[in-house]
1. Please determine, by comparing only the residues of the stretch 42-66 that are within 12 Å of the ligand (Cβ to nearest atom) and free of Cβ contacts under 8 Å to residues at least 24 places away in the same chain, which one is surrounded by the most Cβ atoms within 10 Å (Cβ to Cβ).
2. Do any residues in the stretch 167-193 that are within 12 Å of the ligand (Cβ to nearest atom) have Cβ atoms under 7 Å from those of residues that are among the aromatic types (Phe, Trp, Tyr), where the two are at least six apart or on different chains, and which pairs are they?
3. When you scan the stretch 152-183, how many residues do you find that are within 13 Å of GLU244 (Cα to Cα) and crowded, with 23+ Cβ neighbours inside 10 Å?
4. Going through the stretch 81-114 one residue at a time, which ones are under 20 Å from the mean Cα position of the chain (by Cα), part of a helix (DSSP H, G or I) and in contact (Cβ under 8 Å) with a residue 60 or more places away in the chain?
5. If a residue has to be outside any loop (DSSP other than H, G, I, E, B) and within 13 Å of the chain's Cα centre (by Cα) to count, how many in the stretch 145-170 make the cut?
6. For the stretch 18-41, what are the residues that are open to solvent by less than 10 Å² (accessible area, probe 1.4 Å), over 17 Å from ALA237 (Cα atoms) and more than 12 Å from the ligand (Cβ to nearest atom)?
7. Checking ASN157 against (1) on the phi > 0 side of the Ramachandran plot; (2) within 10 Å of the ligand (Cβ to nearest atom), which test does it fail?
8. Of everything in the stretch 33-55 that's touching a strand residue (DSSP E or B) at 6+ places or on another chain (Cβ under 9 Å) and assigned to a helix (DSSP H, G or I), which residue is nearest to THR192 (Cα to Cα)?
Amino acid sequence: MEFKGFDKNFNITGKTAIITGGANGIGRAIASLYLEKGANVAIFDLKNNVEEVAQELNPKNAIGVKCDITDGENINESLKKVKDRYGKIDILVNCAGVALLDDAENLSHEFWQKTIDLNLTASFKMCQKVGNIMIEQGEGGKIINMASQAALIALENHIAYSASKSGILGITKNLAFEWAQFNINVNAISPTVILTELGKKAWAGEKGEKAKKEIPLGRFGYPEEVAAIALFLASDATNLITGENIVIDGGNTIK
Ligand SMILES: NC(=O)c1ccc[n+]([C@@H]2O[C@H](COP(=O)([O-])OP(=O)(O)OC[C@H]3O[C@@H](n4cnc5c(N)ncnc54)[C@H](O)[C@@H]3O)[C@@H](O)[C@H]2O)c1
């Protein structure tokens, strides 16, 4: 693909983006910023209020689809709704995830399986289904997978979560390699603790205070800061970046 320049305000006007897990936290902040930058947004989320969230964010350019992304049939029906409404899909952000924490000696099979099923398998399923649509459309695309600092360093009680997020880095690189020929960029974002429902729960109390002190920049992150990277990666400014993992961690993983 030739270099055709890019919008220096990082607008993604007229693009259609699917954001999984977008009813809350990081996904919701990404949906909000993408809408501000001119995209049409479809939020796929388990939450019953997903349609209300979309209406609240932007009644004209956003739809909320109640979807369990661990269920392939449910994904197919949801993707049909997006195609019917917007006609195409340009951007996928895989944000739905769980953090089920326990030490390695005691972690239950249930916690392990739920984590891998949602964070890794369902994210891959979304990539595969949307990737096939992008390939058929023939106009390239952008896929952004939410990994974590837990893919890069060991964290207490994070064994299953870490395995799932390391897997995300693996599929990101492989998909980037396989789909470069279709101009589909596949990248990951690895945040430190971000102050969302999930982040606050996993890092409550003394444990969180201690972790914050160990971060060179001395603080946790905000969903809006992760959204800014997701916008950069969705924009034409990053057409030559693929298979990359952008770490937003206040320097936590450089020590
Ligand atoms: N918050 C953090 O500290 C942090 C740090 C690093 C990475 N991450 C990653 O970022 C992503 C978003 O995290 P968050 O903190 O915004 O989480 P969150 O809990 O605030 O939001 C996650 C959303 O995913 C949805 N979801 C859960 N299961 C689903 C399913 N089966 N199908 C569809 N939707 C489903 C939930 O309903 C929820 O709206 C996750 O992948 C998480 O692992 C978070």
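The values are calculated or read from the model by the stated rules, or taken from the named source; none is laboratory data. Quick caveat: nothing in here was measured; it's all calculated off a predicted structure. Note: ideal-geometry Cβ built from the backbone for every residue, glycine included; neighbour counts use all protein chains shown. The area values use the complete protein model at the heavy-atom level, side chains included, leaving out ligands, DNA and RNA. Shrake-Rupley method; radii C 1.70, N 1.55, O 1.52, S 1.80 Å.
1. VAL65
2. Partner pairs satisfying both residue conditions: THR192/PHE220; VAL193/TRP203; VAL193/PHE220.
3. 2
4. VAL82
5. Number of matching residues: 5.
6. Correct list: VAL41 only.
7. (2)
8. Once the filter is applied, the top-ranked residue is TYR34.
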